[in-house]
Structures are given as C-alpha cells and as structure tokens.
Amino acid sequence: MSAEAISENRAKSDFWQGVRLSMPVVVAAAPFGLLFGALAVDNGFSVLEAVLMSAMVYGGASQMVGIELFGQHVAPWLIVLSIFAVNFRHVLYSATIGRRLAHWPLVQQAVGYFILTDPQFAVAERKAEAGETVGFAWYMGLGLPVYVFWVTESALGAVFGKLIPDTHALGIDFLLPIYFLGLVMSFRKRPLWLPVVVASAAASIIAYKTVGSPWHVSIGAVAGVLLAVILPPHHSGVEARP
C-alpha cells in the first residue's frame, strides 16, 4: 500500500473517530437548536433569517442574546457589544488552542477557528494534553456534525416552532449544562483547577446578580484567568507539566 493510501485511510479513521466523539454534543445541543429557531421566529425573524444567523454566527448563547435584544428594538451597537461579551471566552479559547493548530495550512486554521465551540475546545485540548496530534480530519469529524445539526435544528425549530412544547417543562434543558459540567471536570487534574473554577464561578454569580446577563459570562472567565496568572502553578499541589 502506498504512503498516500495509508495517509488517506488514516484521515478517514481520524474523521470517524471525531464524529463518534461529537454525538453527545449533538444530542445535548438539539433542544437548544430547536428552541432558538422557535424563539427567532417569535421575535420577528423569518425562517431564512433564523437559519442564516445559526449558519453565520454559530454561537448558541450569543444567538439567544441577539434575538432577545432584537425583539426589544435595542440599538445595533449595543446588540453587537452584548454578543461580543458572551463570546469573549472564544478569544481565550483561540489563544490557547492556536498552538495546537499551528501546523495546519491557513485556510484549514480559519475553518477550525470558525467551528470552535466550548466542547470542541475542551475535547481538542484534552487530546493534545494526552500527547496526540490534533489533526484537521479528526477536528472536522468532531466539529462538522455539531455545526450541521445545529443549523438543521434551527431550521426545524423555525418551521415547526409552534409545535415544540416548553423545554423547561420536559426537563430537556438540563442536558447541555450537565455536558458542560462534565467537560469542566475532565480538567480537574490540571494545576490550579479548583481555585480557578471557584473564582470563576463566584465572579460569574456575583456579576449575574449585580451587572446582569450576558456580562457575567465574560467577567467569570476573566476572573478565572487572572487568578491563574497571579497564583504559582504549584499552588494546587499538582506539579505543572513541562
């Protein structure tokens, strides 16, 4: 077998491995994709506009904030600023994961950053910490199904939104928070994990009660980052990796 054929088979294997890892995210995000489509139409969006927002913005929390503010006829600059506040954590994600994607061509890096989500970052970072290379095929296998299903679910929610019952009544909305909690716990062996999580959570809660949403997301993230910068890496009792 030629080297080219071996490389192609490896890429296919990596892609499908990523797809398998993406399935819990697809399931957990499904109710929120449907809910976004329904809420977007209720706030005056057309079905096409709702689908385009999911396809181009591709950020669940920021999309929810955006349609809520659109419905209140808020000034456009304030809408943009609010969405930036929610998505500020992606600046931190990009800065961290950039070294994992540096060996990719620029076009692939651009695609990789576009589909970067919270679980995408966490799973890719965990793979890199295990000493494995984050390849483009694997990364796309992980991220592409989530993107496709998110856009599709938004379309279904926009078209059939009136038929969707209250997700809070069904208890479906607990899936995504539980999944994110699992992602956070997967980093528990990192130096400073516990104090950073506690500081971030406390700052986020205080900001939510005082400043309000969506600023609590960015304030919590910044608090965790600042604590990690200030404290020495051996503070948690776990030696930092070289």
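Run the simple label-point estimate for ALA55 and VAL159 please: 7 Å along Cα→C-beta, distance reported in nm.
1.4 nm
Taking only protein heavy atoms into account and a 1.4 Å probe, give the accessible area per residue of the chain in Å².
56 Å²
Quick one: among THR96, THR210, THR117, which has the greatest mean-square fluctuation in a GNM of the chain with alpha-carbon springs under 10 angstrom?
Largest GNM mean-square fluctuation: THR210.
Please give the solvent-accessible surface of TRP16 in Å², to the nearest 10, using a probe radius of 1.4 Å with every protein chain present.
Looks like 140 Å² after rounding.
Between GLN72 and GLN109, how high is the FRET efficiency from 1/(1 + (r/R0)^6) when r is the Cβ-Cβ distance and R₀ = 45 Å? Nearest 0.05. Spell out each step's value before the answer.
Values: r = 37 Å, r/R0 = 0.82.
The formula returns an efficiency of 0.75 here.
State, as an integer percentage, the relative contact order of the chain based on alpha-carbon contacts under 8 Å between residues 6 or more apart.
30 percent
Expressed in nm to one decimal, what extension gain is obtained for the pair ASP42 and MET23 from 0.36 nm per residue of sequence separation less their Cα-Cα distance?
Full-extension gain reported as 3.9 nm.
Mean Kyte-Doolittle of at least 0.0 and a Cα length of 24 Å or more along the axis: which whole DSSP H helices of the chain meet both?
What comes out of the filter, once short or polar helices are dropped, is 3-42, 136-160, 193-210.
Using a 1.4 Å probe on the protein chains only, how many percent of the accessible area of the chain belongs to carbon and sulfur?
Result for the chain: 70 percent of the exposed heavy-atom area is carbon or sulfur.
Report, ordered by chain and residue number, the lysines lying within cross-link reach of LYS127, taken as a straight Cα distance under 19 Å and ignoring same-chain residues fewer than 8 apart.
Candidates past the 8-residue exclusion: LYS12, LYS189.
Sort 147-156, 222-231 by packing, meaning the average of other beta carbons within 10 Å per residue, with the highest value first.
147-156, 222-231
With a ≥ b ≥ c the root eigenvalues of the C-alpha gyration tensor of the range 87-136, is it rounded (a/c under 1.5), prolate (a/b larger than b/c) or oblate?
Because a/c hits 1.5 or more and a/b fails to exceed b/c, the range 87-136 counts as oblate.
On a C-alpha basis, how far is the centre of the range 93-137 from the centre of the range 204-222 in Å? Whole number, if you could?
Cα centroid of the range 93-137 versus Cα centroid of the range 204-222: 27 Å apart.
Quick one: grab the alpha carbon gyration tensor of the chain, order the square roots of its eigenvalues as a ≥ b ≥ c, and give me rounded if a/c is under 1.5, else prolate or oblate depending on whether a/b is larger than b/c.
In terms of gyration-tensor shape, oblate.
Is it possible to state the helix-based mean residue ellipticity at 222 nm for the chain, with each DSSP H run of 4+ residues giving -39500 (n - 2.57), the sum divided by total residues, to the nearest 500 deg cm²/dmol? What is it?
-24500 deg cm²/dmol
At most 13 other C-beta atoms within 10 Å and a DSSP loop state: those are the exposed trypsin sites (Lys or Arg not before Pro) I care about. Give me the longest piece of the chain that has none. Provide the component values of the computation, followed by the final result.
Values: sites that count: ARG188, LYS189.
Result for the longest clean stretch: 1-187.
The values are calculated or read from the model by the stated rules, or taken from the named source; none is laboratory data. From a predicted model like this one, the values you see are computed outputs, not experimental measurements. Please note: Cβ atoms are built from the backbone with ideal geometry, for glycine as well, and neighbour counts cover all protein chains shown. Surface areas here come from the heavy atoms of the whole protein model, side chains and all, with no ligands, DNA or RNA. Shrake-Rupley method; radii C 1.70, N 1.55, O 1.52, S 1.80 Å.
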